Amino acid sequence: MIAIELTITQDEVSPALRELSDGLDDDRLLPVLAGTVNNSMRGHFDELEDTRPNKMGGSRRHYYSGARAKTTFTVSGNTAFIFTTQVGMRMRYFGGTIRAGAGISSATGKPTKYLTIPETAESYGHRAADFDDLEVLWGRDGPYGLGRVERKTIQRGDSFTQSNAIQTEVLFWLVPEVEIPEDHTMLPESGELNDALHKDFGKYVNRLWYQAGYRMGAPVEN
Amino acid sequence: MSGLIYPHPVDFRQALETRSVRAILPTGMDSQMLRQLPRAVRERAVFSAGVQNTDFLTRVGEAVDRMTAGQTNIATERTMLRQLAESLELPALQTDARLNLILDTQTGMADGYGAWIEGQHPSVLDMWPAQELYRAEERKEPRDWPQRWYAAGGKFYPGESDYTDGRMIALKDDDIWTDISAFGLPYAPFDYNSGMDLRDIDHDEAVKLGIIEDDYLPVPQKLGLNDGLEASIGPLAAKFGLGFALGDILGHLVRIATGGEATFQ
């Protein structure tokens, strides 16, 4: 039988472990983990900003850059919330149906009957009310768009003129609802987030360990 | 993954708290003069160069609140503000460019302040003690940010960058952030319509780049917002000869003592 006698004359480990343990409390750890996810999401939105310009070629509204700037986190108790307040993000991620009627028409003052879907670079990022030269375009089944109409007036007899549309430019399509397909590429993949969390958690623990040693006057090699 | 998505929007609390203490500040001052306002005034006030109409500024403040809370978008708010500007016969405030500038700058400041606050949490600041200024949005005629950075005493670091000079990185508590800011604030936006933003640099990378030593322990900062509701406007008044005229501009929102201290009411 071999006996090993261990005598601790000065306990330098317990304070370091306490420091480490304190650092793992929710109020200190959660902001770090939330910060990690926050940074991953912001980096992802930067990539989308670079790779997804608007298809119509109009002046960019920098939607994804806006999403990055509006992504943040808050910690409440043992829960961290990472969220973006960029309008439309949830609909783009989950998909769904947007129906007219939620807003008030600037033309009638009543709930809207149609959504206005921009057709041109000029109308992209604008509301129909931004244009004062649009007419309702009518088809067989009712109104189908808003646009500019160039007309030619033809004299019919002495007191009658007829105005015929010779060119129509559609700026907005009118639709009662629109289907938005789900797009889970709007956010980083869960594997990517997990990797970032593992990596930063390791760095954080290293920092705690280093600081615990540092504060005891014996910097820890790491 | 689904745990990251919530069915109901969560308020951007800090930023909204920032905005909730803001006051409307009608001013005839131009952009250059606004930059000279004490930081506490700039942080608390909703203003826009040359805009003296309080109705309009009040509506801007409400619009920014809604946008910051994610309740509406810029196109909707811009349309409403344009209609208001038309009814108030303010032709200079009816263009897309001007309205975008006002709304983008104000919401950007709320976003920037929120990001700054979260970055000052001791654990977060220790993990990410530095930040990089980078181009987040393209611009047709971008400003020369490396030149501004250099002029403010900033250092360039190696690595992938939009700029041949290198990466513009500094500690979060470095004075350079207020020095490069047209608004004198340590967070983005640093100028009107700049397209520049900040991203975190973690402790390990900061050590690797030689910005800090491994034993660096950052100290969280506070801004004027947390330091009470007083700001000295004495130097400003002297510089621009505004004197009591500034008191007139600030109107009922502040009480100005003889020493130049402004107390918000």
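Which residues, counting only those in segment A:95-134, are touching a residue at least 40 places away in the same chain (Cβ under 8 Å), part of a loop (DSSP other than H, G, I, E, B) and of a type outside the set (Ser, Thr, Tyr)? Spell out the reasoning first.
Filtering segment A:95-134 down to residues touching a residue at least 40 places away in the same chain (Cβ under 8 Å) leaves A:95-100, A:113-125, A:128, A:131.
Among the residues that remain, those that are also part of a loop (DSSP other than H, G, I, E, B) are: A:95, A:100, A:113-114, A:119-125, A:131.
Answer for segment A:95-134, where residues must be touching a residue at least 40 places away in the same chain (Cβ under 8 Å), part of a loop (DSSP other than H, G, I, E, B) and of a type outside the set (Ser, Thr, Tyr): A:95, A:100, A:113, A:119, A:121, A:122, A:125, A:131.
Considering only residues of segment A:191-205 that are more than 19 Å from the chain's Cα centre (by Cα) and acidic (Asp, Glu), which is least open to solvent (accessible area, probe 1.4 Å)? Of everything passing the filter in segment A:191-205, A:200 is least open to solvent (accessible area, probe 1.4 Å). No other residue among A:143, A:188 is surrounded by 12 or more Cβ atoms within 10 Å (Cβ to Cβ) and within 30 Å of residue B:201 (Cα to Cα) apart from A:188. Residue B:245 falls short on exactly one of the conditions (1) at pLDDT below 90; (2) open to solvent by less than 20 Å² (accessible area, probe 1.4 Å), and that condition is (2).
With respect to residue A:146, is the statement that it is modelled with pLDDT of 85 or more and not in a helix (DSSP H, G or I) true?
Values: modelled with pLDDT of 85 or more: yes; not in a helix (DSSP H, G or I): yes.
In short, yes.
The set of residues in segment A:99-116 being among the hydrophobic types (A, V, I, L, M, F, W, C) and surrounded by fewer than 14 Cβ atoms within 10 Å (Cβ to Cβ) consists of A:102, A:104, A:107.
Of the helices (runs of 4 or more DSSP H) lying entirely inside segment A:3-94, those containing at least 1 residues that are farther than 28 Å from residue A:208 by Cα, in the same structural domain as residue A:208 (by TED's automatic domain parsing) and within 13 Å of the chain's Cα centre (by Cα) are A:26-51, A:63-69, A:89-94. Of the candidates A:171, A:208, the single residue that is in a helix (DSSP H, G or I) and either open to solvent by less than 40 Å² (accessible area, probe 1.4 Å) or not assigned by TED's automatic domain parsing to the domain that holds residue A:49 (or both) is A:208.
Can you work out which of the residues in segment A:39-56 that are closer than 20 Å to residue B:73 by Cβ and out of contact with any strand residue (DSSP E or B) (no Cβ under 8 Å at 6 or more places or on another chain) is nearest to the other protein chains (Cβ to nearest Cβ)? Applying the filter and picking the extreme gives A:49. Is it true that residue B:200 is within 30 Å of residue A:202 (Cβ to Cβ), touching a strand residue (DSSP E or B) at 6+ places or on another chain (Cβ under 9 Å), within 11 Å of chain A (Cβ to nearest Cβ) and not in a loop (DSSP other than H, G, I, E, B)? Criteria met by residue B:200.
Taking every residue in segment A:182-201 that is in contact (Cβ under 8 Å) with a residue 12 or more places away in the chain and pairing it with any residue that is open to solvent by 100 Å² or more (accessible area, probe 1.4 Å) and of a type in the set (Lys, Arg), at least 6 positions away or on another chain, yields no pair with a Cβ-Cβ distance below 9 Å. Residues of segment A:62-90 that are surrounded by fewer than 18 Cβ atoms within 10 Å (Cβ to Cβ) and closer than 28 Å to residue B:97 by Cα: A:88 alone. The set of residues in segment B:65-108 being part of a helix (DSSP H, G or I) and in contact with a Pro (Cβ under 7 Å, 6 or more places away or on another chain) consists of B:105, B:108. The condition (being touching a residue at least 24 places away in the same chain (Cβ under 8 Å), open to solvent by less than 20 Å² (accessible area, probe 1.4 Å) and small (Gly, Ala, Ser)) is satisfied by just one residue among B:154, B:166: B:154.
The values are calculated or read from the model by the stated rules, or taken from the named source; none is laboratory data. Predicted model, so just to flag it, every value in this text is computed and none were measured. Cβ: placed from backbone, ideal geometry, glycine included. Neighbour counts: every protein chain shown. Calculation scope for accessible area: heavy atoms of the full protein, side chains included, ligands and nucleic acids excluded. Shrake-Rupley method; radii C 1.70, N 1.55, O 1.52, S 1.80 Å.
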